[in-house]
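First comes the structure, then the notes that go with it.
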Amino acid sequence: MKTLPPIFVAVLTAWSVSAATATAPIAPEALEFFENKIRPVLAAECYECHNAKKTKGGLRLDYRAGWQKGGDSGDAIVPGDPQKSLFIDSIKHTDPDFKMPDKAPKLDDAAIADFEKWIAMGAPDPRDEPPSEQASKPSWADLLATRRTWWSLQPVKKPAVPEVQNPAWSEQPVDRFLLAKMAAKGLAPAAPADARTFIRRLTFALTGLPPTLEEVNAFVAAASSNQPSAVSNATDRLLASPRFGEHWARHWMDLMRYAETHGSEGDPEIREAWRYRDYLIRAFNADVPADQLIREHLAGDLLQTPRINPDGFNESILGTAQFRLVEHGFQPIDTLDDQVKAVDNQIDVVTKAFQGFTVSCARCHDHKFDAISQRDWTAMYGIFASTRPAQVTIDTPEVLGKNRAELERLHTQIKTGLADAWLNTAQGIGQRLKAAPAGAAQAVANAARVRELERKIADLEWSARQTIQPKPVADRPTNTAPAPFAAWSFDKDASDSLGRVNGHLEGDAEIKNGRLRLDGQGAHL
């Protein structure tokens, strides 16, 4: 028996391994891992450049035989060996000139670990056939599955505070994170500011205004005498200042696009807009928690226990005024389009301010980068559009319910009185019908009465016309105007009393009591 040359043995061995890989069944757990962890990321991050239409670098990643063939740089994926796989090097950004995905952020560490695990498993891939050009485009389901794994969409977790070399620099946990990052970059905190600089920075930060000379001197004196409470006392004083709420409410108002007019043509006034402004100032000065403030902005009119102002009115309901701070046409041509524009603005402001998301783009299409679909925008539109803008009272529930019992009593009394009146009237209908003349005779009498009244009206009108008609003047020339060539008096018919231009009644036109009557539709003379 002849022995095959080594090169043929190698080729046959490689072919048999490839064939075995292509036909070998995939374990259920491996298939589940690929479908949940690998396919969505490939579809979302790789198919755009490595598909049926565009094979960048000679590599396709939209089916198994594509990556098994490799690319211009060699084997992209070596089953069982992540370290030899160029694909792993590219997504880890090991080579600064060979980073994937191209022109996009680096994949997070969890996704990279999933690819390493998948390759170590032997790169199980059920995609036997190359997809069509259309099918190789990522589906929204795949994109959404990948985007939902982003760190920004994960539940908030409380991380451990890092250990730092200089813990005395600050007792605040947030500062520990900053200090740890600075140390990792070889940086050190700046030197502490002197007392005069510090009080200016603190005052500007909390009130937006410079400190007075007296305030600066008082703080410098306290800091010079090493009073441990100098900073806390100055901070408490500034936080208690009404200027604190005025300064920080301004930033919140920028997020909520506060204005006192609606813009657009005419720039109509937003009545009572100042109440929302003052509501924010009071909220910041009262240190209202952020979650409570957001709740009032979204549904302040529905809270079971609203915040009540010491002056005796409902504070929470004022938060919903932000929904009315929209551009509003003075006289819109298309009212439905104007409503869509207003609601879209409400969605845009709420999602940007409270979720850090630009959702408004999904009005027309699924988001290109975020995990937001057009279906999400439409669902929010249904909620916001179901409300009706109106002016509401801000009295407390107790004030609103003060006269409720009396109003309900009067309502019952009025309702009962109306029912009794209706019943009494209904009981006399029979007698009135019996006392009335026969229907036909009554109709004839009514018609005669109408004709008589119409005749009298015509006589009055004729007399009035004769009264206001100019009287002839003796010395007026008789040939100052052309003589009429036709006249219709409509006494009996439409005949011409001067010439031969006799009229003909068409449609439902009629002459009655010296008048030509037209129905305004098809009747004419």
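The values are calculated or read from the model by the stated rules, or taken from the named source; none is laboratory data. Model, not experiment: these values are computed from the prediction. Don't worry about glycine lacking a Cβ; one is built from the backbone with ideal geometry, like all the others, and counts go over all protein chains shown. Remember, those area values only see protein heavy atoms, side chains included, never the ligands or the DNA or RNA. Shrake-Rupley method; radii C 1.70, N 1.55, O 1.52, S 1.80 Å.
Quick check: is even one residue across the range 146-159 of a type outside the set (Val, Ile, Thr), at pLDDT below 85 and surrounded by 17 or more Cβ atoms within 10 Å (Cβ to Cβ)? Checked the range 146-159: at least one residue is of a type outside the set (Val, Ile, Thr), at pLDDT below 85 and surrounded by 17 or more Cβ atoms within 10 Å (Cβ to Cβ). Pairs are defined by a Cβ separation below 8 Å, a sequence spacing of at least 6 or placement on different chains, a first member in the range 233-256 that is farther than 20 Å from LEU325 by Cα, and a second member that is basic (Lys, Arg); the pairs so defined are GLY245/ARG282. Scanning the range 236-259 for residues that are of a type in the set (D, E, K, R) and surrounded by 14 or more Cβ atoms within 10 Å (Cβ to Cβ) gives ARG237, ARG243, GLU246, ARG250, ARG257. Evaluate the following for PRO173: is it open to solvent by less than 70 Å² (accessible area, probe 1.4 Å) and touching a Ser or Thr at 6+ places or on another chain (Cβ under 9 Å)? Spelling it out, it is not the case that PRO173 is open to solvent by less than 70 Å² (accessible area, probe 1.4 Å) and touching a Ser or Thr at 6+ places or on another chain (Cβ under 9 Å). Within the range 78-89, identify whether any single residue is in contact (Cβ under 8 Å) with a residue 12 or more places away in the chain and within 38 Å of the chain's Cα centre (by Cα), and answer yes or no. No, there is no match, as no residue in the range 78-89 is in contact (Cβ under 8 Å) with a residue 12 or more places away in the chain and within 38 Å of the chain's Cα centre (by Cα). Would you check if there is a residue in the range 133-156 being in contact with an Asp or Glu (Cβ under 7 Å, 6 or more places away or on another chain) and not in a helix (DSSP H, G or I)? The answer is yes; a qualifying residue exists. Considering (1) free of Cβ contacts under 8 Å to residues at least 12 places away in the same chain; (2) open to solvent by 90 Å² or more (accessible area, probe 1.4 Å); (3) farther than 30 Å from THR197 by Cα, the lone condition that ARG271 does not fulfil carries the number (1). Take the conditions (1) surrounded by 14 or more Cβ atoms within 10 Å (Cβ to Cβ); (2) farther than 30 Å from THR320 by Cβ; LEU213 misses just one of them, which is (1). Give me the residue from the range 360-382 that is among the hydrophobic types (A, V, I, L, M, F, W, C) and within 17 Å of SER139 (Cβ to Cβ) and, out of that set, modelled with the lowest pLDDT. Only one residue tops the list, namely PHE369. The residue of the range 370-384 that is surrounded by the fewest Cβ atoms within 10 Å (Cβ to Cβ), among those that are part of a loop (DSSP other than H, G, I, E, B) and among the hydrophobic types (A, V, I, L, M, F, W, C), is ALA371.
Would you be able to say whether some residue in the range 83-94 is surrounded by 13 or more Cβ atoms within 10 Å (Cβ to Cβ), on the phi < 0 side of the Ramachandran plot and either among the polar types (S, T, N, Q) or in a loop (DSSP other than H, G, I, E, B) (or both)? Within the range 83-94, one or more residues are surrounded by 13 or more Cβ atoms within 10 Å (Cβ to Cβ), on the phi < 0 side of the Ramachandran plot and either among the polar types (S, T, N, Q) or in a loop (DSSP other than H, G, I, E, B) (or both). Filtering the range 285-300 to residues that are part of a loop (DSSP other than H, G, I, E, B) and surrounded by 15 or more Cβ atoms within 10 Å (Cβ to Cβ) leaves VAL288, GLY300. Scanning the range 234-256 for residues that are of a type outside the set (D, E, K, R) and under 15 Å from ARG201 (Cα atoms) turns up ALA234, THR235, LEU238, LEU239, PHE244, HIS247. Would you say LYS352 is at pLDDT below 80, of a type outside the set (Gly, Ala, Ser) and under 22 Å from LYS341 (Cα atoms)? No, not satisfied.
Against the list (1) open to solvent by 30 Å² or more (accessible area, probe 1.4 Å); (2) over 25 Å from the mean Cα position of the chain (by Cα); (3) over 30 Å from LYS402 (Cβ atoms), the condition ALA222 fails is (1). All conditions in (1) over 30 Å from ALA390 (Cα atoms); (2) in contact with a strand residue (DSSP E or B) (Cβ under 6 Å, 6 or more places away or on another chain); (3) charged (D, E, K, R) hold for ARG243, with the sole exception of (2). Counting just the residues of the range 65-77 that are open to solvent by less than 40 Å² (accessible area, probe 1.4 Å) and in a loop (DSSP other than H, G, I, E, B), which one comes out farthest from ASP128 (Cα to Cα)? Taking the candidates together, the pick is ALA76. Selection of the range 274-319 for residues being of a type in the set (Gly, Ala, Ser) and in contact with a helix residue (DSSP H, G or I) (Cβ under 7 Å, 6 or more places away or on another chain) yields ALA283, GLY300, SER316, GLY319. Just one of the listed residues (ALA405, ALA385) is modelled with pLDDT of 85 or more and under 30 Å from LEU144 (Cβ atoms), namely ALA385.
Determine whether ALA104 is small (Gly, Ala, Ser), out of contact with any strand residue (DSSP E or B) (no Cβ under 7 Å at 6 or more places or on another chain), at pLDDT below 90 and part of a loop (DSSP other than H, G, I, E, B). Yes: the conditions hold for ALA104. When ASP62 is tested against the conditions (1) out of contact with any Ser or Thr (no Cβ under 6 Å at 6 or more places or on another chain); (2) buried (at least 19 other Cβ atoms within 10 Å of the Cβ); (3) charged (D, E, K, R), the lone failure is (1). Hey, could you check the range 488-525 for residues that are among the charged types (D, E, K, R) and under 60 Å from the mean Cα position of the chain (by Cα) and say which is farthest from ARG451 (Cα to Cα)? Looking at residues that are among the charged types (D, E, K, R) and under 60 Å from the mean Cα position of the chain (by Cα), I get GLU506. The listed residues are ALA43, ALA20, ALA30, and the only one of them that is modelled with pLDDT under 85, in a helix (DSSP H, G or I) and under 20 Å from ALA113 (Cα atoms) turns out to be ALA43. Under the condition of being open to solvent by less than 40 Å² (accessible area, probe 1.4 Å) and touching a residue at least 40 places away in the same chain (Cβ under 8 Å), the residues counted in the range 350-369 number 2. In the range 385-420, what residues are loosely packed, with under 11 Cβ neighbours inside 10 Å, assigned to a helix (DSSP H, G or I) and among the small types (Gly, Ala, Ser)? If the condition is that a residue be loosely packed, with under 11 Cβ neighbours inside 10 Å, assigned to a helix (DSSP H, G or I) and among the small types (Gly, Ala, Ser), then ALA405, GLY417, ALA419 are the ones that fit.
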